[in-house]
Amino acid sequence: MDSYVSHLECAYTGQHYSADGLHSISDVGKPLIVKYDLGRLGREISRSDIEDSSEPGFWRYSPLLPVAKLEDRVSLGEVITPLVKLERSAHLIGAARGKVIVKDESRLPTGSFKARGLALAVSMAKQLGVKHLAVPTNGNAGSALAAYASRAGIKATVLCPDNTPEINTRETEAQGGDTHLVNGLIGDCGKIIAEGSDDVGWFAVSTLKEPYRIEGKKTMGIELAEQMGWELPDVIFYPTGGGTGLIGMWKAFAELIELGWIDCELPRMVAVQSTGCAPIVKAWEEGAEFADFWENAETDASGIRVPAALGDFLILKAVRESGGFAIAVSDEEIHSMVEGIGQEDGLLMCPEGAATAAACKTALDRGLIGVDDTVVLFNTATGLKYPLPEVTSSIDKRVEINYQMFG
Ligand SMILES: *Cc1c(COP(=O)(O)O)cnc(C)c1O
């Protein structure tokens, strides 16, 4: 096994960098993107080789991934995440039954799609001989890093804002991450990590500040295409924080087209944010290339509580190129979708995933998308990591039971 990586490229200037050795960001401070020799890949690997692969989960797309040696692959039993059609709850969105499909990423190790990105980042760190990794996180990236790093025998340090949900910080600690709470925002955590690099010698795997997490998130796009018979939906709603997944999927589609593995129309990409933290939506509405820092970011959907994204221009470019849009929804709309989809379809969404459902409803209401469109929503984590409704009814076994109450 070898990789088809040809080089790294600055996503802003196009400047080339060698793929050997450790890299964070480009000389102009922008993300580095992994480039492949797709000509050679296409001659040596066919789509049916991929279909016949028996590798677990997204590792079936290994030719399109950067890990060169099987022994450097760090795996915790990844799965192909299912596509679950909304049936009984579709009316809550104003959609026809079965037209709105949830790609349920909650089934991945550590209960979130962060597993995809961190599996790749940790595997590449192993390949490159890194001994200590660090990440600033609002929750799910920390536990995914901790799990994969422990599995690889690499030390992981995780810095979280002190309002990070306790379930995330405990989960991170339980999976071997050296976890610390910081009285600040995710940016403050990132600053501490950046400034400590020389002293401690850790390598930061912050969103888009190393090239490989995107490659992991890219597999959502390839997987979706293969699951749909190498076709794609009309619209994708994606809960956008740092935007890794949206950028990654757009990259995946471009690579699949270049390989000739798909020739369908590409989906309209919709960046979904919260009204309490909507820097990308604001930049989209203003027609700007970059997004301004969002002051006083506040939303219960902690995965999309990201006031500044290094890849802002890449998110906005993908949204524009695809003919999509950016849209914000309130926490009230989010909670109502978590409740409704859970109760009517038995699918427990995380708030970020529920935000995509709420955005889909708004888009249908405003005529931004059509009722005949096939729509995919990303449920990016398990709803079990978030506060759940309290059970208030109790039964006293010593007194006569009033069975009317169960009717
Ligand atoms: C990190 C995260 C997001 C945002 O993902 P990006 O690809 O960085 O935009 C969305 N939902 C959940 C649950 C997350 O943990």
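With label points built 7 Å along Cα→Cβ from the Cα atoms of Ser197 and Lys282, find their separation and express it in nm.
2.8
I'd like to know which of Gln227, Trp261, Asn168 lies farthest towards the positive end of the charge dipole of the stretch 140-282, counting +1 on Cβ of Lys and Arg and -1 on Cβ of Asp and Glu.
Farthest towards the positive pole: Asn168.
What's the lysine pair count for the stretch 186-315 at a Cα cut-off below 22 Å, pairs eight or more apart or interchain?
Final tally of qualifying lysine pairs is 6.
For the chain, set up a GNM with springs between Cα atoms under 10 Å and report which of Ala19, Ala291, Ala125 has the largest fluctuation.
Judging by the Gaussian network model, the answer is Ala19.
Using Cα pairs closer than 8 Å and at least 6 residues apart in sequence, work out the relative contact order for the stretch 53-186, in percent.
Relative contact order, the stretch 53-186: 19 percent.
GNM on the chain, C-alpha springs below 10 Å: top fluctuator among Trp230, Trp284, Trp59?
Ranking Trp230, Trp284, Trp59 by mean-square fluctuation puts Trp230 first.
For Thr392 and His132, calculate 0.36 nm times their separation in residues minus their Cα-Cα distance, and state this gained length in nm to one decimal.
Stretched fully, the Thr392-His132 segment lengthens by 89.0 nm.
Inverting the mean 1/r over all pairs of different Cα atoms, compute the Kirkwood radius of the stretch 180-243 and quote it in Å.
Mean inverse Cα-Cα distance, inverted, gives 14.7 Å.
Using only the Cα atoms of the stretch 250-402, build the gyration tensor, take square roots of its eigenvalues as a ≥ b ≥ c, and label the shape rounded, prolate or oblate: rounded if a/c is under 1.5, else prolate if a/b is larger than b/c, else oblate.
prolate
With the cut-off at 1.5 for a/c, could you classify the stretch 1-157 from its C-alpha gyration tensor as rounded, prolate or oblate?
prolate
Shape of the stretch 24-80 from its Cα gyration tensor (a ≥ b ≥ c, root eigenvalues): rounded if a/c is under 1.5, otherwise prolate when a/b > b/c, or oblate?
oblate
Show me the GluC sites (Glu not before Pro) within the stretch 291-345 that DSSP assigns to loop and that have at most 15 other Cβ atoms within 10 Å of their Cβ.
Hits after loop and neighbour filter: Glu295, Glu298.
Using the Cα centre as the reference, give the magnitude of the dipole from point charges on the C-beta atoms of the chain (Lys, Arg: +1; Asp, Glu: -1; all else neutral), rounded to the nearest 20 debye.
Around 540 debye, computed over the chain.
Comparing Ala288, Ala119, Ala147, which has the greatest mean-square fluctuation in the GNM of the chain with Cα pairs linked when under 10 Å apart?
It is Ala288.
Given the stretch 101-179, report the % of alpha carbon pairs whose separation exceeds 19 Å.
30
Report, to one decimal in Å, the Kirkwood hydrodynamic radius for the chain based on all distinct Cα pairs.
21.6
Efficiency by 1/(1 + (r/R0)^6): what FRET value for Lys69 and Arg47, r their Cβ-Cβ distance, R0 = 25 Å, to the nearest 0.05?
It comes out at approximately 0.55.
Tell me the Kirkwood radius of the stretch 216-286: reciprocal of the mean inverse pair distance over distinct alpha-carbon atoms, in Å.
Evaluated over the stretch 216-286, this radius sits at 12.8 Å.
So what's the stretch 84-217 giving for Rg/Rh, alpha carbon basis, Kirkwood Rh from the mean inverse pair distance?
1.08
Just want the ordering: Arg88, Arg151, Arg43, from fewest to most Cβ atoms lying within 10 Å of their own Cβ.
In order of increasing Cβ crowding within 10 Å: Arg43, Arg88, Arg151.
With the contact rule set at Cα under 8 Å and sequence spacing of 6 or more, what percent relative contact order holds for the chain?
In percent, rounded to a whole number, it is 17.
If we count other beta carbons within 10 Å of each Cβ, what is the order of Trp261, Trp294, fewest first?
Exposure proxy ranking, most exposed first: Trp261, Trp294.
At 0.36 nm per residue, minus the direct Cα-Cα distance, what do Asn402 and Ile80 gain on full extension? Give it in nm, one decimal, please.
Extra length available between Asn402 and Ile80 comes to 111.3 nm.
A short reminder: the numbers here are calculations on the coordinates, not readings from a lab. Because the structure is a prediction, the values reported are computed rather than measured. All Cβ positions, even for glycine, are placed from backbone atoms using ideal geometry, and neighbour counts span all protein chains on display.
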